[in-house]
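Beneath this line is the structure, given in structure tokens, with notes to follow.
Rule-based calculations on the coordinates, nothing more; no lab input. Predicted model, so just to flag it, every value in this text is computed and none were measured. Here the Cβ positions follow ideal geometry from the backbone for every residue, glycine too, while neighbour counts run over all protein chains shown.
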Amino acid sequence: MKNVVDSVLTIAPANTRGSVSASEESTIRPRNQTIKASGRFSSFAGMILPLCLGFYQILVVDEARAKDADKTAVIRPTNGNEGEKTAIARPTITATSINGSDEPGSLDGRVEVPRPSERALSYYRSGNALWILGRILGVLIPCAIAFSGVSARLRIIATRIGRFPIGEIIVYLVLYVVILSILDLPLDYYAGYVREHSYGLTRQTFAKWASDQSIGAAITVVVFALFGWVPFWLMRRSPHRWWLYAGLVAIPFYAATILVEPIWIAPLFNTFRPMRDKALETKILALASEAGIEGSRVFEVEKSVDTNKVNAYVTGIGATKRIVLWDTLLKRLDDREILFVMSHEMGHYVLHHMFYILAAISSGTFVILFLLDCSLKAIYRRCGGALGLRSPLDVAATPIIAALLTVFNLLGAPIWNVFSRSIEHEADRFAIEITRDNHAGATAFVKLQSENLGNPRPGPLYKFWRSSHPPIGERIDFCQDYRPWENGEPLVYKTYFRERSDK
């Protein structure tokens with residue numbers, strides 16, 4: 001399912017308390033305050049860097065243990081040529097039928113959970129390093145902008161150009177987003193382009209990558225320019241309860257984002273079209289009808305221009321809700337495996353998981369905004385003058401807000417991951433119950449592991465901090481072990497299913 005966590009709090013709130021037309025001289029910091037701010041930044045960096053480096057070492061050790069985690073897997077040699085160092089090893093998939101039938105649900109043999117290749121483990125290891133580096137930079141870069149006085153100077157420029165309060169806010173936010181995008185560009189280039197090519201996971205051209213980056217940056221600038229002034233207005237109206245009102249305003253904003261993203265945003269990056277395999281589309285629509293979904297819309301998206309990975313997701317709400325299949329998945333999975341994947345996505349649709357996600361994000365927003373309010377006021381009391389802030393929620397505090405959001409999101413990630421894994425697990429259950437094709441589900445996950453260079457059994461720390469989906473190994477095991485109909489047990493989601501037309 002498409003991860004929507006990144007949409008949380010895309011507009012960093014700040015405040016307009018205090019005169020926005022104050023003279024430039026009032027924002028110039030004395031030399032001793034600058035030295036004091038630099039000292040606090042050094043102390044902060046001295047605290048956060050050892051912590052993150054220690055966290056990295058734990059993840060590396062955790063990964064090393066994960067290499068031998070699957071003690072029960074039967075390991076068979078792959079058919080790959082050892083001389084082809086860039087080839088991705090393909091797992092051997094075997095199963096035995098209990099009655100010689102090829103009908104779905106008749107296959108009772110165990111599908112092997114392949115051990116990850118060295119290439120996959122290297123990808124896993126480097127992914128952990130990049131994840132930690134991203135969190136470090138997500139704190140240090142905004143803090144550097146704030147403690148160096150750059151943020152206060154940006155406010156001076158914004159005051160000159162904006163001329164009025166809302167204009168100042170918009171100009172500042174646009175300048176900040178542009179600067180941050182430039183500073184993030186080297187890591188984005190390595191992680192999203194260089195690294196993916198080095199592991200053979202993409203054939204994307206540099207022009208396409210640069211185009212996607214530019215479009216994404218432009219969308220961010222437009223969103224900040226259109227909506228960035230709203231939290232400021234709320235702060236001016238209610239300095240003590242702004243976080244509550246901002247949380248309420250965020251709910252329709254999130255809903256609108258989920259509503260318009262499939263039809264206005266996603267097509268800017270990739271080409272969406274109806275499925276070209278009409279025979280497969282007929283099977284999918286019949287399965288959707290059995291799941292109680294009428295008027296279903298299934299789209300094929302041309303992701304092969306960006307990646308060799310495989311995926312599918314459900315997105316949108318109401319009139320824009322749709323199921324999307326990557327063309328890479330259609331090329332690498334057979335029809336039964338595709339139908340299982342589609343059943344998983346239909347499970348999200350039927351079980352209203354998108355609304356649960358919206359409710360979870362909205363609830364988390366209230367907590368984060370409240371913590372922001374408390375933290376910013378405490379920071380202002382300790383070093384507001386050194387930072388050149390005119391109030392606890394000055395627009396120049398935006399970098400501090402960005403750093404705090406990184407910390408809060410990191411601390412809240414384990415809670416979100418538990419919630420996300422639970423709905424993904426239930427979508428897997430839905431798919432198994434409606435198809436009763438356990439074997440196809442297991443082999444589909446094996447192929448996802450192989451094509452995406454996945455680690456089927458990562459260690460507990462990875463699962464705790466990073467895993468929004470159940471580990472692939474656990475999903476393969478569940479696909480094979482969950483057969484309530486064989487024991488006369490009721491299906492959890494039977495009430496959602498309509499009778500099959502071929503019965």
Ranked packing of 487-494, 179-186, 346-353, most packed first, by mean Cβ within 10 Å: 346-353, 179-186, 487-494
All Cα pairs of segment 159-216, percent lying beyond 16 Å: 56
Euclidean distance between Cα centres, segment 288-313 to segment 156-211, Å: 29
Ranked list, fewest to most other Cβ atoms within 10 Å of each Cβ, for Val150, Val446: Val150, Val446
Taking Asp277, Asp394 and counting other C-beta atoms within 10 Å, the order from fewest to most: Asp277, Asp394
For segment 284-358: relative contact order, % (alpha-carbon pairs under 8 angstrom, 6 or more apart): 33
Along each principal axis, Cα extent of segment 387-503, largest first, Å: 73, 32, 23
Largest-first ellipsoid semi-axes for segment 318-467, taking √(5λ) over the Cα gyration tensor eigenvalues, angstrom: 42, 17, 14
Rounded FRET efficiency, nearest 0.05, which uses the C-beta distance separating Thr271 from Ser148 and R0 of 60 Å: 0.90
Segment 270-366: C-alpha gyration tensor shape, a/c 1.5 cut-off, then a/b vs b/c: oblate
Footprinting exposure proxy for Met354, Met275, Met235 (fewest neighbouring C-beta atoms within 10 Å first): Met275, Met354, Met235
Shape category assigned to segment 312-389 from the gyration tensor of Cα positions, a/c cut at 1.5: prolate
Cα centroid of segment 467-495 to Cα centroid of segment 376-433, whole Å: 33
Förster-model FRET efficiency, 45 Å R0, Val194 and Ser289, C-beta, rounded to 0.05: 0.50
Whether segment 194-303 is rounded, prolate or oblate, judged on the alpha carbon gyration tensor where a/c under 1.5 counts as rounded: oblate
Ordering of 136-148, 211-223, 358-370 by burial proxy (mean other Cβ atoms within 10 Å per residue, highest first): 136-148, 358-370, 211-223
